[in-house]
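All remarks here apply to the structure that follows.
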Amino acid sequence: MSRTTKNYLVLALKGMAMGAADVVPGVSGGTIAFISGIYEELLQSISNINLSLFKTLKKEGFAKAWKQLNGSFLLALFSGIFISILSLAKMISWLLEKHPILLWSFFFGLVLASIIYVGKQIKKWNLTAISLLIVAAVSAYIITSLPPLVSESSSTLFLFLAGAIAICAMILPGISGSFILVLLGAYKPVLAAVSNRNFLTIGIFILGCFTGLLTFSRILKWLFANYKNYTLAALTGFIIGSLNKIWPWKEVINYRTNSHGEQIPFNELSVSPFSFQGEPQLLYAILLAIVGFSLILVLEKLAVKE
């Protein structure tokens with residue numbers, strides 16, 4: 001597969017978009033990968049990391065193994081992801097604290113357009129496809145409605161397992177890996193490690209992610225190869241069900257006290273922007289939702305049609 005320098009720069013930008021999405025609890029980097037046209041190639045490339053690859057490396061050298069891995073594609077994409085996560089972690093945290101409605105509005109528009117985009121890929125609607133969509137949507141809604149764990153742990157084993165579990169969600173459109181980290185009580189320790197450049201903690205977490213990624217990518221690759229239409233229907237359902245989590249207007253039901261003695265929201269309920277207590281910032285929120293929605297069109301244009 002031949003790509004130019006421009007193509008790899010575009011791949012890095014797509015990776016940065018995935019990284020930015022993965023930082024936000026409620027938005028999936030897998031959704032960005034899908035709508036930008038690189039999802040199946042990503043699964044295939046990750047699945048190439050196996051014993052056969054190491055045999056090729058031993059017998060035929062690095063260049064041949066790199067080509068078999070589709071290494072240039074992965075390098076460009078993951079470079080963008082890591083650059084984005086390292087550079088945007090603090091900014092996203094600040095936006096979530098200071099301007100949550102505006103941030104969620106942007107991502108709501110983006111994910112809403114994603115439903116239309118992914119749904120268009122479904123070639124045949126039948127009872128099975130519709131049933132899978134409904135089950136996936138209900139499952140995602142339930143998952144995103146669960147309260148997060150109160151306890152937060154930073155033990156080595158816990159962070160490794162959290163990474164392995166969360167990465168499965170990160171590459172699954174509609175389910176946010178960051179939100180899974182929130183549910184597990186691992187989101188803040190990981191985000192703090194990134195913000196403070198705690199490379200030991202980051203390394204443990206990435207090792208867990210790598211382990212989970214190698215396993216789950218093979219399952220998704222098999223599903224796309226054998227049941228693509230049904231898989232797309234389920235993915236569309238997951239994205240629909242996730243809309244509840246990223247609805248911009250929330251009413252806090254109760255709070256909890258964090259390790260610094262601060263009162264932070266614990267359980268929240270989606271409400272109408274017109275019944276929202278406080279300044280709803282409705283006009284700006286609508287404009288940002290339109291920007292997020294329109295961004296899907298841009299990503300679709302940037303998709304590399306191989």
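The values are calculated or read from the model by the stated rules, or taken from the named source; none is laboratory data. The structure presented is a predicted model; accordingly, all values stated were derived computationally and were not measured. Positions of Cβ are backbone-derived with ideal geometry, glycine not excepted, and every protein chain shown enters the neighbour counts.
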Unique residue being surrounded by 16 or more Cβ atoms within 10 Å (Cβ to Cβ) and modelled with pLDDT under 80 when the list is F266, F205, F293, F276:
F276
With of a type in the set (A, V, I, L, M) and in contact (Cβ under 8 Å) with a residue 12 or more places away in the chain as the only criterion, which of A76, A63 stands out?
A76
What number of residues in segment 46-64 are not polar (S, T, N, Q) and not in a helix (DSSP H, G or I)?
2
Give the residues of segment 168-216 that are within 14 Å of the chain's Cα centre (by Cα) and either of a type in the set (S, T, N, Q) or over 27 Å from S145 (Cα atoms) (or both), sorted by residue number.
S176, S178
Mind checking whether some residue in segment 78-99 is at pLDDT 90 or above and touching a Leu at 6+ places or on another chain (Cβ under 8 Å)?
yes
Within segment 109-126, how many residues are among the polar types (S, T, N, Q), within 20 Å of the chain's Cα centre (by Cα) and more than 19 Å from W247 (Cα to Cα)?
1
Tell me yes or no: at least one residue of segment 65-79 is touching an Asp or Glu at 6+ places or on another chain (Cβ under 9 Å) and in a loop (DSSP other than H, G, I, E, B).
yes
